[in-house]
Amino acid sequence: MREKKPNWPYPRIDHFPGKFERFSYRTYNWLENRIWPVRPVPFLAIITTATGYQLRNIGFSDLQTNWQIIVKPLMISIGSVYTAVFVLRHFLKYFYFSYKGFLKENPKKPSFLTMLWGALRKVLLKIAPPQLSSCDRLLPNLPLPSLDDTVHRYVDSMKHFTSEEDYNQLIVKSNQFLSAEGRTLQRYAWILHKFKENYVTSFWEKYIYNAGRYALPINSSIAQCVMYGENDLSQVYQVARLLYIETLANLSLDRQKYLAVGEGLLSTRHYRNIYNGCRVPGKEYDHFQWNPPCRHALVVHKGTWYKVDTCDENGKLYSVDQLAKIVSEMMDRNDKSTGFLSKIGALTTDKRTEWSINRQKFFLENKNNKKLLEVIETAQFVISVDDSVEWGVETTEKASQYMKDMITGNGNNRWFDKTMNYAVCANGRGGATGEHSPCDGAELDHLCENFLNIDKQILKSPSQQQQLENVKISENDKKELKLAEKLEFEEVNGMKEEVERCYDSHMKATDDLHMHSMIFLDFGKGRLKKCGISPDGFVQMAIQLAYYKDQGKFTQTYEPGSVRFYANSRTETLRPVTEASCDFVKSVMDEQSTKETRRKLLQNACEVHVNNCKEIMLGNGVDRHIFILCVLAKGLGYSSPFLDFYASQKWLLSTSNIPNMTNSIDEDSSVDKIMLGGSFGAVAQDGYGICYRFGGNQAILVHITSYHSSEITDSDRIGTHLREAFHILADLFED
């Protein structure tokens, strides 16, 4: 059978848009996003036809002498056509996009309503396939759960890791809350819900992310990494590929041609924050600064920052070979920064209030540095060329060091305020450090999968010899190409001391981070499907077993769940610890329990987990609702022992499952095509952060973080427990 050639996930644009071109396609998309599933051209054609029909008896000479004759028919036509579109869109919003019945049905035995919904979906995708944000305004508002439901489910979730005395007090507090301030706060939440498409997101971004005064590295930054197999590109060529592919992705997002997952059913609101933008520190609150696509990216090499244009003066995009020449010339220069100026990126590793003060003093109040800061903050993205780093994945130690470097950098090769900081090691391996506040892991995973699809499966890689030839730059090339421009920072009084302080503090935090990367190749999702259990449920139950073996108790556990079926949504908390999960773990720890008993309990625990996932997808989560009640209580001056208890609880176990967003990479074809996944720092000092993904049907990739300074956690130890747990659970289905 002929192998199917992978498709480009977005158009191969060959030029950077001018002002008029960008205005044209953004105007078209503005209209598209307000009238879909009708397209702008047919919409305008119908209006023109309707207007012409009304003017059929009026002569052309009359129109010339009195053009106002056309105004009334035109207004009637616009009003009539748009009214029809308005009615159609409201039908789609309140039936097609609001319908979620298929989530709780057997896909092999769908109801009549689900079949009708599916037929409508096929018709819409056939006649009007949506662009990136065509359907964003049609998504339903995030529902507001009932107060009693939320409180009772939260209290029920806490009984497995709360002492009997504390649990009884929690019940009393919850009852008092329901009978007193809870009702008032719920009424305010209801008003908020009615006047906002999403009553959570703006407050979540402000108080969970932008209000945080902690340093971004480890606390907010997340890692994204590449494939398991060896890289066939040199470092210079890989950097050039990154510059080329991600510029195409950036321009495609701006044109709304970036192929989104979900075929219009999922919110794509935060994709626009991936490129060009920057998190700006403030004394009390940060904010995200979005910028239109610019022509340059940042490349940092040996602590020296360069502005690299990805197109020529006429806007024509440079080819990979041309970019490779620019990067090669940049790396061969003798203009590298020395002393504390080579560590200037360390300023972004500081706590946010301190960084806002230093940003004002060292950049905004200095004319030269202010211009350079603008170059940095408007850049498409950052690429670090790490010529002194050559991590691998051959052993757990090497993989752990590599993943750790993707979270922390080396103190001078990241600008942590930028959403995307790519890093390419000396052996050509690439990864990325993402800033979590402007978007979620799903968007960043989507970005990385698209890049790997193009880089490893679509573009052909020249031979090593050919790459060496292609990067050579002639004198003529130096005249035709716009070479990298070094950012010459000026020293400001007090800057040296602050840079060194930030650098030293960051290195201490880096040393404290304990990373354990497990590349589990014994089996993957394929074996779990044969067992008839949820793969995510399997890993979550294995994590619960491993944690219980490690700590001798259960704990409040975080797993993000998707609520992207709703407008402007991000995530909700899925609480994996349930009555069923605890029963299963206890059965494994009980030597008297039989294999059959354990298997049934595991199946039940996974089934409960899947149902809870579906409830989250339906907007029936607990934590975001209570979070809003906490915000309202604080803003309105209410005192609530119940909400105080909720806010005081720590997430000692934080987990995340990285989904496969595109299925564009066949990870089953070769172990070398398995993607390593991502990682994040543990959110509590005495806690664990566990990030995992399935490498197709043949692997499970797990990255565990904790802190050396904690006396009770150890990433290597729980990693060993987790590996054992995988086998214990899988072996229950041997027969």
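The values are calculated or read from the model by the stated rules, or taken from the named source; none is laboratory data. Just so it is clear, the model here is predicted, and its values are computed rather than measured. Every residue, glycine as well, gets a Cβ built from its backbone with ideal geometry; the counts of neighbours run over all protein chains shown.
Couple of notes before you dig in:
- A Cβ distance below 6 Å, combined with a sequence gap of six or more or placement on separate chains, defines the contacts here; from segment 609-627, residues that are within 24 Å of Tyr188 (Cβ to Cβ) and hydrophobic (A, V, I, L, M, F, W, C) reach residues that are in a helix (DSSP H, G or I) and modelled with pLDDT of 95 or more in the pairs Val622/Thr150; Val622/Arg153; Val622/Tyr154; Ile626/Tyr646.
- Members of segment 500-542 that are among the small types (Gly, Ala, Ser) and touching a Cys at 6+ places or on another chain (Cβ under 7 Å): Ser534, Gly537
- Pick from segment 1-15, criterion among the basic types (Lys, Arg) and more than 11 Å from Thr247 (Cα to Cα), ranking: modelled with the lowest pLDDT: Arg2
- Leu125, sole failed condition from (1) in the same structural domain as Tyr28 (by TED's automatic domain parsing); (2) touching a Gly at 6+ places or on another chain (Cβ under 9 Å); (3) assigned to a loop (DSSP other than H, G, I, E, B): (3)
- Filter result (touching an Asp or Glu at 6+ places or on another chain (Cβ under 6 Å) and not aliphatic (A, V, I, L, M)) within segment 541-570: Gly561, Asn568, Arg570
- Candidates Cys606, Cys582: the one that is closer than 29 Å to Leu444 by Cα and assigned to a helix (DSSP H, G or I) is Cys606.
- Residues located in segment 361-385, provided they are assigned to a helix (DSSP H, G or I) and over 15 Å from Glu490 (Cβ atoms): Glu377, Thr378
- Of all residues in segment 14-42 being part of a helix (DSSP H, G or I), within 30 Å of Tyr318 (Cα to Cα) and not charged (D, E, K, R), the one that is farthest from the chain's Cα centre (by Cα): Phe20
- Set side by side, the residues Val280, Val299 differ, and just one is modelled with pLDDT of 95 or more, in the same structural domain as Lys371 (by TED's automatic domain parsing) and under 30 Å from Asn141 (Cα atoms), which is Val280.
- Candidates Leu372, Leu364, filtered to the one that is of a type outside the set (Asp, Glu) and without any contact (Cβ under 8 Å) to a residue 40 or more places away in the chain: Leu364
- Residue count, segment 464-501 (criterion: small (Gly, Ala, Ser) and over 34 Å from the mean Cα position of the chain (by Cα)): 2
- Of all residues making up segment 252-311, the number that are part of a strand (DSSP E or B), within 22 Å of Lys482 (Cα to Cα) and polar (S, T, N, Q): 1
- Index of the failed condition, Ile628 passing every other in (1) buried (at least 20 other Cβ atoms within 10 Å of the Cβ); (2) part of a loop (DSSP other than H, G, I, E, B): (2)
- Filter result for Arg121 (among the charged types (D, E, K, R) and closer than 30 Å to Thr51 by Cβ): no
- Here Ile454 meets the list (1) among the β-branched types (Val, Ile, Thr); (2) under 14 Å from Tyr228 (Cα atoms); (3) buried (at least 19 other Cβ atoms within 10 Å of the Cβ) almost entirely, failing just condition (2).
- Unique match (being closer than 20 Å to Gly687 by Cα and either in a helix (DSSP H, G or I) or not small (Gly, Ala, Ser) (or both)) among Tyr547, Tyr566: Tyr547
Residue-wise test of (1) surrounded by 21 or more Cβ atoms within 10 Å (Cβ to Cβ); (2) under 30 Å from Ser679 (Cα atoms); (3) assigned by TED's automatic domain parsing to the domain that holds Glu615; (4) of a type in the set (Phe, Trp, Tyr).
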{"residue": "Phe161", "(1), (2), (3), (4)": "no, yes, no, yes"}
{"residue": "Arg187", "(1), (2), (3), (4)": "no, no, no, no"}
{"residue": "Leu192", "(1), (2), (3), (4)": "no, no, no, no"}
{"residue": "Phe203", "(1), (2), (3), (4)": "no, yes, no, yes"}
{"residue": "Ile208", "(1), (2), (3), (4)": "no, yes, no, no"}
{"residue": "Gly212", "(1), (2), (3), (4)": "no, yes, no, no"}
{"residue": "Met227", "(1), (2), (3), (4)": "yes, yes, no, no"}
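- Meets criteria (in the same structural domain as Asn273 (by TED's automatic domain parsing), over 30 Å from Arg269 (Cβ atoms) and part of a loop (DSSP other than H, G, I, E, B)) for Glu498: no
- Within segment 414-455, being within 19 Å of Phe680 (Cα to Cα), part of a helix (DSSP H, G or I) and of a type in the set (A, V, I, L, M, F, W, C) holds for Ala442, Leu444, Leu447, Cys448.
- Condition met for Cys311 (surrounded by fewer than 20 Cβ atoms within 10 Å (Cβ to Cβ), of a type in the set (A, V, I, L, M, F, W, C) and touching a strand residue (DSSP E or B) at 6+ places or on another chain (Cβ under 6 Å)): yes
- Note on segment 458-476: residues that are part of a helix (DSSP H, G or I), surrounded by fewer than 15 Cβ atoms within 10 Å (Cβ to Cβ) and not aliphatic (A, V, I, L, M) total 6.
- Yes/no for Asp504 being part of a helix (DSSP H, G or I), within 25 Å of the chain's Cα centre (by Cα) and either without any contact (Cβ under 8 Å) to a residue 60 or more places away in the chain or farther than 27 Å from Leu233 by Cα (or both): no
- Selected residue (criterion: farthest from Gly264 (Cα to Cα)) from residues of segment 132-149 that are part of a loop (DSSP other than H, G, I, E, B) and aliphatic (A, V, I, L, M): Leu144
- Just one of the listed residues (Asp286, Asp254) is crowded, with 22+ Cβ neighbours inside 10 Å and either among the acidic types (Asp, Glu) or in the same structural domain as Tyr96 (by TED's automatic domain parsing) (or both), and it is Asp286.
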